[in-house]
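The values are calculated or read from the model by the stated rules, or taken from the named source; none is laboratory data. Everything quoted here is computed from the prediction, not taken from an experiment. Don't worry about glycine lacking a Cβ; one is built from the backbone with ideal geometry, like all the others, and counts go over all protein chains shown. For the accessible areas, the whole protein counts, side chains as well, though only heavy atoms, and no ligand, DNA or RNA atoms are used. Shrake-Rupley method; radii C 1.70, N 1.55, O 1.52, S 1.80 Å.
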Amino acid sequence: MSRQTIIAANWKMNGNLALVESITSTINSIEFADNVKVVVCPSYPYLAAFASKISNDSINLGAQNISEYAKGAYTGEISADMLNEMSVGYAIVGHSERRSIFRETSTQIAHKVKAALANGITPILCIGESEAERMTEQTETVLSAQLQPVIDEIGIESFKNVVIAYEPVWAIGTGKTASPEMAQETHKFIRRFLAEQNAEIADGVSLLYGGSVNAATSEELFAQPDIDGGLIGGASLKVDEFKTICSTSKG
Ligand code: PEP
């Protein structure tokens, strides 16, 4: 099956209006293959500006988080409805920084995935093990434990509308990228884990690799059979580097 290739940019709490301008003016002119989508996730205040500057059908807007609640007295939260109004088509859910710094639980993350799907927003569900967990050979146990609560909440069939980003925590923002072989092996495990519950769904899910991807490493990572693109942090803030990464996506 040919899967959707996705190059997603996570700006985290970085960027400004000048970056919105320079990134959009650079990537708007790229001709992407039909099955490639670029998803840029700036901070909330820049969503509207970004939306107004996209002039390429392959470029989509994403949010870095989404509330599990629909509306009401939840100061500081942003609902799926609000994101819909801002033309947001994707939302990163369960990023390791949300899990560790903001103590988001697997149950809360499952609720966020459900809220996104209920409103037509594609969740980019992040999973990944810590360095200690990899060293003690717990990677597969950890990834299964992060995936299963979401499967229990939404059902495996709903994964046809979910994107998964495998992001080893030890590789995020550290400059230590997983080797293409190691990343492929873990992506293969994730697909096999999903396949045990529904082979067809597993075959169609886009699995992104994230963790210090840059212009020098993206091509080989994206060439792996079970890697369908990337979630890019630091390198997505550098216009020329992000442009190069986009151009290495397999079409
Ligand atoms: C991320 O924040 O999702 C990420 C992968 O960051 P970086 O590329 O900087 O490691």
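Hey, I23 hits all of (1) open to solvent by 10 Å² or more (accessible area, probe 1.4 Å); (2) farther than 21 Å from P123 by Cα but one; which does it fall short on?
Among (1) open to solvent by 10 Å² or more (accessible area, probe 1.4 Å); (2) farther than 21 Å from P123 by Cα, I23 violates only (1).
Restricting to region 204-237, count the residues that are away from the ligand (no atom under 11 Å from the Cβ) and either touching a residue at least 40 places away in the same chain (Cβ under 8 Å) or of a type in the set (K, R) (or both).
Qualifying residue count for the region: 14.
If a residue has to be part of a loop (DSSP other than H, G, I, E, B), more than 15 Å from G120 (Cβ to Cβ) and open to solvent by 20 Å² or more (accessible area, probe 1.4 Å) to count, how many in region 66-107 make the cut?
Counting residues in region 66-107 that are part of a loop (DSSP other than H, G, I, E, B), more than 15 Å from G120 (Cβ to Cβ) and open to solvent by 20 Å² or more (accessible area, probe 1.4 Å) gives 14.
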